[in-house]
Structures are given as structure tokens and as C-alpha cells.
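The values are calculated or read from the model by the stated rules, or taken from the named source; none is laboratory data. Bear in mind that the values here come from a model prediction, so they are computed numbers and not experimental data. Here the Cβ positions follow ideal geometry from the backbone for every residue, glycine too, while neighbour counts run over all protein chains shown. Ligands, DNA and RNA are stripped out before the accessible areas are found, and what is left, the full protein with its side chains, is counted by its heavy atoms. Shrake-Rupley method; radii C 1.70, N 1.55, O 1.52, S 1.80 Å.
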Amino acid sequence: MTVTVATLGFPRIGPRRELKHALERYWAGTTAQADLLATAADLRAANWARQQALGADWLPSADFSLYDHVLDTSLMLGAIPDRYAAADGQAGLDTYFAMARGSSRGGDTSCAHGASGTTALEMTKWFDTNYHYMVPELVAGQRLALTSEKIVDAYREAKALGHETRPVLLGPVTWLTLAKGRDVDPFDFLDSVLGIYAAVLGQLAHAGAQWVQIDEPCLVLDLDDRQRAALELAYERLSRGGPKLMLTTYFGPLADNLSLALGLPVAGLHVDLVRGADQLDAVLAAAPADLLLSLGVIDGRNVWRADLPALLDRLEPVAATRDIVLAPSCSLLHVPVDLALDTAIDPEVTQWLAFAVQKIAELATLRQALNDGRDSVADTLAASATAAANRRTAARIHDPAVAARLAATTPAMRDRGASHATRQAAQAVALGLPAFPTTTIGSFPQTAEVRRARADHAAGRIDDAAYAAFLRAETARAVAWQEEAGLDMLVHGEFERNDMVQYFGEQLSGFVFTRAGWVQSYGSRCVRPPILYGDVSRPAPMTVDWWRYAQGLTDRPMKGMLTGPVTILNWSFVRDDQPREDSCRQIALAIRDEVRDLEAAGARAIQIDEAALREGLPLSHRDWQAYLDWAVDCFRLCAAGVGHATQIHTHMCYSEFNAILPSIGAMDADVISIETARSQMELLAAFAGYRYPSAVGPGVYDIHSARVPGVEEMVRLLTLAQAHLSPDQIWVNPDCGLKTRRWAEVRPAIAAMVEAARTLRGRTAKATWQPAETVA
Ligand code: GLN
Ligand code: ZN
């Protein structure tokens, strides 16, 4: 039986973010379209050559995208909302980028609301990854038609370079599942969508393609009857003639959808054996003999080197009975390109890692061991086994003190030990705030000067002392400005922080950071997630000095500002050798120490941001509660070590809480600030319905826009909020941190916000005062 290797997709950004730079030059107008396209073609050619050299038998084509593969699919289908039609008169690059980024026509491109331009498509997370796709938009009566030749062009381009490839298509049912219909059910378009897919498959067959990889990650979700019926209809129709289809599923086990998937008339099926490790036996038992199985055995979502001999133990019996394809669990889009570019990571940790390039080499080793015997790759297998054994025992990873501390946590450590009323009373005395207290979420504009000083410091052009002096001056200026603006609870501004997770990761033990480990987040935006490799502890206080400095400049309460454990976990590459919740509890204990140190230093209010708590929700609803339970437990563990009078704030930058509100309540914060400006306070109904006992700061300033809202608008929003919350429950704050905004916007917006709060205080005061006057 033969074993082959496939890759499912390769990072598009290039080893040195070549695509990012080419895109940004093009958008800035400093290069021509031809230059951008040439860079993209070079990247594709290099990616094919590289994957082939590493040993991939099945090379993907059309996995590349200038911005987003979901957007590419929308363009292929002609799902182009009317507002973009005029951008270049046809579905060219200008239309494409207008859909991706909006078109400003001379305005600020970060402003999606300007009257002078067109808003971008909505963007959201691709399943449970940190990659964002552009949400397809459909309206009633829209006519779809084959509009882009991307797929067949990519196949031909590879062929001209001498590569036989397996083109990658996002499957029709997943595309429809991700689409948003305006007054229409996207699935009403199933028939026309399938017609276009059939045409694309016809083009590919004509061009010579033998196989097509068709991605249907929706198969790992909880499907309804309509989606199931659509899958059956789709593959009945698309498997007639044309290229053979490798139906590709990832990000989880097929679970209840296994028999559905196996019943579809496709020639091959790819299954994720990392997230769905347990499904192999069930798949093997039920898969028809002539179905080509592609086994996703190498983790496409994480950065760990595999234990190859252990994998061979599982794979050898399978390869003895049938042909198999070995692959990463999913596209390699979600991991950095090449570990070899990161020479600065400690060698002990490096030996445990594998990025995209290393993962393909691992697959090639597995193939050779299966086809020619383990002896043919004995050295490589031995090195893999040694690294895996090191990782199981390394002192660097396993810290007995952390384990002991975790084992010794008690229920009391998760409990504030006082009712809301008791805490509120104690905090009112400690803080002395007016009604409708005003505050901000933490960061102030990261200006060009701030970024330059950070870069200068990183490059050694200015020394530690000079950098610290610069940061102190920025902080002092921000504090003085907040007093002048009349804010009630102040923040230090976060000028010293590069990123809200990285800043903490760099000070905690158990994390490493890469220099070149970029992963695409959306479009040209890339991130370098921290790598959590070992037990977490906090060698020293992380924020206390900055807090103390800032509080020393003012008599008003200065909030301590921390990133919460769940958010640190969800935005990092995390350990796969212990449950996520264990890693999260370790982080929680480290943050708990920081919370207590801030309190001991005198902080009367401490904000613990959980910006990414909601996005950690598992793909399948049945797993939600377990996740929420440990996430809440971690938050409580880090927050509950303070006295009654210390006010715990949390912040979440999203507005869909309905399904998780009981868990948000269970976090037991004293104040929560949330994103509501754009949704007109709609979600507050849920808070009211649930009788949320704590205070809420519904964002009244949409910081995602360059627009400066006026006093009246904010008063209107706060009045709406009062329909759901009692006046003494309401805080007044922006939607999120202000780091992406400019001071020229922040100053008037915050001035208006303070004015709005004063207006409300005036009204409420009058309301309570009037009856007394009447009595007199
Ligand atoms: N405190 C952080 C800030 O203000 C919160 C950022 C976030 O929620 N994403 O920037
Ligand atoms: Zn936020």
C-alpha cells in the first residue's frame, strides 16, 4: 500500500512577510498593480518549489490569496454587494480591495463609517482560529455568476512551472454557512452556487486537474437539517464527472456528522486526527475500501514538533491495509513559516518546535518510514523521540512549585467572600465617585513618537533610562490631561505596552517569543503569538511600578490594568501536553499575585481585561459549558484575592453575550465594560433580563471609527441604557482602548463623554430632588 504526503495549504504571507509589504506599498500608492501581482506570483512559485523540495506529493494551488480565501470565493461566485459595483467597473483588484477594506476616496481608510466612502465587508474569525475572513453578503434577488478565474488560473500557473497541483476550493456549504443574508436565507442560493462550482470544476477538468481539495470545515460543526441536505445535494451534483474530490474537514472531529461525510459520493476524505484523535477507528471501520483517506496527523494549529515514532505506532497498522495520504490536520496557514528563521529562541525550546516547513519535513519522514521501513529514517526518528522525551521531563517545563501551588488552590481563593451590596458600599466609601462615573478602557493613542521610542529602544538606539524617562513623560501627560478632561477614574495609558498579551508573556516564565514567527491575522495584518511552553509563574511584579508612578501624579483613583488569564491563553500558542484549563489556571495564579500586589501598593480599582474570553468558545455547543466553567473559574481565581473595598473591573470587546451571560455574571466582577456603541445598547436587554448585579459600562464611543461622537449622541445612548439598567449601575466609557485612535479624535470625544455624564447627573439629581421640593 502506498503512503503519500499532502499539505492542504501553505502560509501566504511569505517567510519575511513579503506579501504584507507588497500589499501595503500598493495600498499606499507607491507601487503599481503589476508589482504587487509579481510579488504574489513569486511567493506562489517559491511556495510550490519549497513544498515539493520538502517532500509533498500533493501540492495545493489556489490556496494563495491576496487578502482572504473566503473573499476570493465570494468573488468567484459574483457575490459582490451593489455598493462595490462601481469601484472599477468590473470585479478587478479595486473592487476586491474595496470589499476587503472599504474605499475611502480620500478619507481615513481605518474609518468604515465615513460618508465619503464605502464600508468594507464585515470581518470575523475563521472558526476558532485567529484568522479573520470577510463575511460573504447576500441580498434577496441577487444574481450570482462565475466572476473570477482565480482557481483555474492558479492551477495553470503551477502547471506552467512544472507542478501538477491539487487546487483548493472552499466548499459551497461552508461558504453558505459563513454567509450573511440580508432579508434572505443564504441557502436559497444553493442551486446557483452549485451551478458555479460545477462550472469551476469543469474548467479544472478541462485544464487537466485530476483531483480537487474541497474544504468543508462546516462538517465539524453542529449541523441542522438544511445544512445536511445541502451537503448531500452538493456532493451528489459536484462529484458527477470532473476531477476527483478530496473532501477536507478540519478543526475538530466529525462526531455526529461522520456517517453523513462518509455517505457523500466523493473520492477522498480528509479528517483531523489532532483535534479528533479518537475518530480514527470509527473512520476506518466505516470508510469504504475505495475511499482515499487523508489523515491529518501533524498539528496545523500549533507549533509543537511531533513525536514521530508514537505516530508511526498508530499509522503502521492503517498503512498495511490501505493507501493513505498523510497531511497536517488543516492548512498550514495558521502556523509560522519557518523555524530556521528564528535563531534567537533558546535551543532547548527550539528542539520542541516545528513551523510549517518543519511540519512538511515531518510528514515526509513519516511517509518514508511507512513506505520503506523505520530503519530508512532511523536517525530522524531517534531525534524526534529524544525531543519528545525531553519535553516530558525538562525542568524548564515542569516546575514542581507551580504544580504544588495549583494543587493547593481552594474554593475560598475563588470567592470574594462578600455580597455585592457589601462590596458596593465599601467601594463607594473607598472611591468616592459621582453618579455615572467616567473612565476609559486603558490605552491611549500609540502615537508615532511612542512607536518610534519603542523601536529605538528595541534597536539599542536609546538606553533603558532614556526610554523609561520618555514613557514617564507620556504617562504624566496622559494623567494630567485626564484630570483636566474631568474623568473620574484614571488610567496610566499603557504606553509601555507593545501588546496586551505579549507585555505579560514577556514577564512571566513559561513563555517564549519569536522574531519571525508571523501568522496572518487578516489581510496584511500579521501577529506573532507568544508560545506558552512550560509551567507559568511570575518572577516579579509586572505592572506595580507603573501603577505607582501614575497614582503618584493624581488624587483620583488610578486603575490597575491587567490582561486576564483566558485572554492570555487564547491569544497564544499553548501547550499540548496538558489540558488548556491547567495552563490557564497557572496563568490565573500568576495574575492573582499581580492583583494582590497592586492592591497592597494601594490600588483601589483593578481592571482585568478578558477581551478574548468569548472567542475561546468551542466550535460545538456541547463543549461550551465546560469551557465557560473553567474560564470563569480562572477569572475568579485571579480576581478574588482582594478585599471588599477593592473594585474589580473587567472589559470585553464584543457585544454578543446572550448565550453566555450567566457565565459573565459568575465571573463576579464589580464593573464590566462592554462594546455597545454600534449596537445601540441592544445587548443591555439581556443584562437586564438576567438581573446582572454589578455595574456596567456600556461603551458610548465607537473607538473603531475615526468619527468623533457628540454629547447628544452619547446622552441618547446612556438614556437608552437606563431603560435596562438602574442609574447607579451605569458607568460611562468608550467601547475599548484608545490606542488605535489619534489624540485629535480622543480629546474631543472624551470631552463630549464627560459632558454627557454630567448631563445625566444633572437630570438624575433633579429627578430625585424634585419630590423633596414638592414636599417642602
Ligand atoms: N486595556 C486594553 C486597552 O485599553 C484593552 C484592549 C482590548 O480590550 N482589546 O487597550
Ligand atoms: Zn476591548
Positive-end residue, the chain charge dipole about Cα centroid, Cβ charges, pick of S663, C638, V696: V696
Classified through the alpha carbon gyration tensor (a ≥ b ≥ c as square roots of its eigenvalues; rounded if a/c is under 1.5, else prolate when a/b is larger than b/c, else oblate), segment 305-414 comes out prolate
Taking the convex hull of the alpha-carbon atoms of the chain and averaging its shadow over every direction gives an area in square nanometres of 34.6
1.4 Å probe accessible area per residue over the chain, in Å²: 38
Apply 1/(1 + (r/R0)^6) to the Cβ-Cβ distance of A310 and D42, taking R0 = 35 Å, and write down the FRET efficiency to the nearest 0.05. 0.35
In degrees, nearest 10, the alpha-carbon axis of helix 711-722 is tilted away from the dominant principal axis of the alpha carbons of the chain by 80
To check you understand DSSP bridge types, tell me what percent of the beta bridges within the chain (both residues inside) are antiparallel, rounded to 5. 15
Taking 8 Å as the Cα distance limit and 6 or more residues as the minimum spacing, I'd like the relative contact order of segment 163-288 as a percentage. 25
Pairing the Cα long axis of helix 743-775 with the longest principal axis of the chain, what angle in degrees results, from 0 to 90 and rounded to the nearest 10? 50
Amide H partners (placed H, <5 Å) of H651, local residues excluded: I608, D609, E610, S673
Using a Förster distance of 51 Å, how high is the FRET efficiency between E656 and K159, based on the Cβ-Cβ distance and rounded to 0.05? 0.70
Can you give the calculated 222 nm mean residue ellipticity of the chain, where each DSSP H run of n ≥ 4 adds -39,500 (n - 2.57) and the sum is split over every residue, rounded to the nearest 500 deg cm²/dmol? -13000 deg cm²/dmol
When each of K150/K359; K20/K559; K359/K739; K180/K559; K180/K359; K20/K244 is checked by Cα-Cα distance, pairs over 31 Å: K20/K559; K359/K739; K180/K559; K180/K359; K20/K244
For the chain, give the percent of accessible area contributed by carbon and sulfur heavy atoms, probe 1.4 Å, rounded to a whole number. 52
Segment 593-607 and segment 477-549 have their Cα centres apart by a whole-number Å value of 17
For the pair E122 and L619, what calculated FRET efficiency results from E = 1/(1 + (r/R0)^6), where r is the Cβ-Cβ distance and R0 = 25 Å, to the nearest 0.05? 0.80
Which far-off residues, 5 or more places away or on another chain, put their amide H under 5 Å from the one on L169, with H placed in the peptide plane? Q213, I214, D215
Segment 293-319 and segment 352-419: distance between their alpha carbon centers, rounded to Å: 14
Pairing the Cα long axis of helix 624-639 with the longest principal axis of the chain, what angle in degrees results, from 0 to 90 and rounded to the nearest 10? 40
I need the shape label for segment 485-548. Rule: rounded when a/c is under 1.5, else prolate if a/b > b/c, else oblate, with a, b, c from the alpha carbon gyration tensor. oblate
Yeah, segment 385-511 with a ≥ b ≥ c from its alpha-carbon gyration tensor (a/c under 1.5 is rounded, else prolate when a/b outruns b/c, oblate otherwise) is oblate
Treating only the Cβ of Lys, Arg, Asp and Glu as charged (+1, +1, -1, -1), what charge dipole size does the chain show about its Cα centre? Round to the nearest 20 debye. 1180
